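*Asks:* I'd like to ask you about the structure that follows.
A short reminder: the numbers here are calculations on the coordinates, not readings from a lab. Computed from a predicted structure; not experimentally measured. As a convention, Cβ positions derive from the backbone with ideal geometry for all residues, glycine included, and neighbour counts pool all protein chains shown.
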Amino acid sequence: MTDMNTDFDINQFVINSEPYFAAKSNEIDLYTAAYSARLPVMVKGPTGCGKSRFVEHMAFKLSKPLITVSCNEDITASDLIGRFLLDANGTRWVDGPLTLAARHGAICYLDEIVEARQDTMVVIHSLTDHRRELMLDKKGELVKAHDDFQLVISYNPGYQSLMKDLKQSTKQRFTAMDFDYASAELEASIIVKESGVDPKIAEKLVKLAQTTRNLVGHGLDEGASTRLLNYAGSLINGGVDVKDACHMALVCPITDDAEVRTTMSGAIDAIFG
């Protein structure tokens, strides 16, 4: 049996250029304090409000490698921990992303964690309390987490069904930070920075987004995210007609309902003229 992790280079997960993030409050200070104490962090908020960007920004500021896992219902415990593989040279063990982060001292970020199966999430428990360890049952190895290791998870509590909510036994292993969309003024400045669009157009895009967010529960499951506003701004900055850009980035992605689309089209006409 061979181990494929002996020459592993954790530096490949270091973020070399600073991801843009506009702080809404004291979230940077709070996260820094949590990392200093090596406390696990849960980031909660709507889709596209900046949760993942925030984690990337903090990994950069702290000069720590970041290993991100986009969770889905097919992820198994072995996908996170690792498994034995067969090749021409025999059996070899390959660490999963959670084990790599724990072994080498990275921040492990499990994005949209509630999309993973509940039985899979049990494997993180021993890394989120005083033990800070991970048992590799198949390999017969106990991995003591590196001093720099931290576990971060995120999800959207407003969108997930009760069937997909986190168990209290998991929630109470984390500190938590609530995220939401930025104020209109700050969100507009973010769009200008990210897409290069004219500030006046950015203000109108935010106004349109707020209209869609007011429709949540009245035809929409979620309103337009800051991410989609950046997409619209990029299209407009690239020469696409404003209304076409809004339809492409802010209407078509979030609804197929003809009546809701008509309502949103009316809002576009009213806001942009």
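*Asks:* Could you give me the ³J(HN,Hα) list for segment 191-204, computed from phi with Karplus coefficients 6.51, -1.76, 1.60 and θ = phi - 60°, whole Hz, x at Gly and Pro?
*Replies:* The phi angles translate into 5, 4, 5, 6, 10, x, 6, 4, x, 5, 5, 4, 4, 6 Hz.
*Asks:* Here's something else I'd like to know. Could you state the number of Å between the C-alpha centres of segment 19-69 and segment 205-273?
*Replies:* Each part reduced to its Cα centre gives a spacing of 28 Å.
*Asks:* At R0 = 45 Å, how high is the FRET efficiency between Cys252 and Leu86 if r is their beta carbon distance? Nearest 0.05 is fine.
*Replies:* Numbers: r = 45 Å, r/R0 = 1.01.
The calculated FRET efficiency here is 0.50.
*Asks:* Given only helices, namely DSSP H runs of n ≥ 4 each adding -39500 (n - 2.57), what is the per-residue ellipticity at 222 nm of the chain, to the nearest 500 deg cm²/dmol? Show your work: numbers first, answer last.
*Replies:* Numbers: 11 runs with 101 residues, N = 273.
Rounded to the nearest 500, it is -10500 deg cm²/dmol.
*Asks:* In sequence order, what are the phi-derived ³J(HN,Hα) couplings for segment 68-74 according to the Karplus relation 6.51 cos²θ - 1.76 cosθ + 1.60 with θ = phi - 60°, rounded to whole Hz, with x for glycine and proline?
*Replies:* 9, 10, 8, 6, 8, 5, 8
*Asks:* Provide the FRET efficiency to the nearest 0.05 for the Arg131-Ala184 pair, computing r from the beta carbons and using R0 = 35 Å. Present the calculation step by step, with values, prior to reporting the outcome.
*Replies:* Working: r = 45 Å, r/R0 = 1.29.
Approximately 0.20, to the nearest 0.05.
*Asks:* How much length, in nm to one decimal, is gained on full extension between Leu39 and Val240, taken as 0.36 nm per residue of separation minus their Cα-Cα distance?
*Replies:* Working it through step by step, the gained length comes to 67.8 nm.
*Asks:* If the chain between Asn16 and Lys200 were fully stretched, how many nm would it gain, using 0.36 nm times the residue separation less the Cα-Cα distance? Before the final figure, lay out each step's value.
*Replies:* On the way: separation 184, 0.36 × 184 = 66.24 nm, distance 3.24 nm.
Going from the current span to full extension adds 63.0 nm.
*Asks:* Under a plain spin-label model, where a point goes 7 Å from the Cα along Cα-to-Cβ, how far apart in nm are Lys144 and His218?
*Replies:* 5.9 nm
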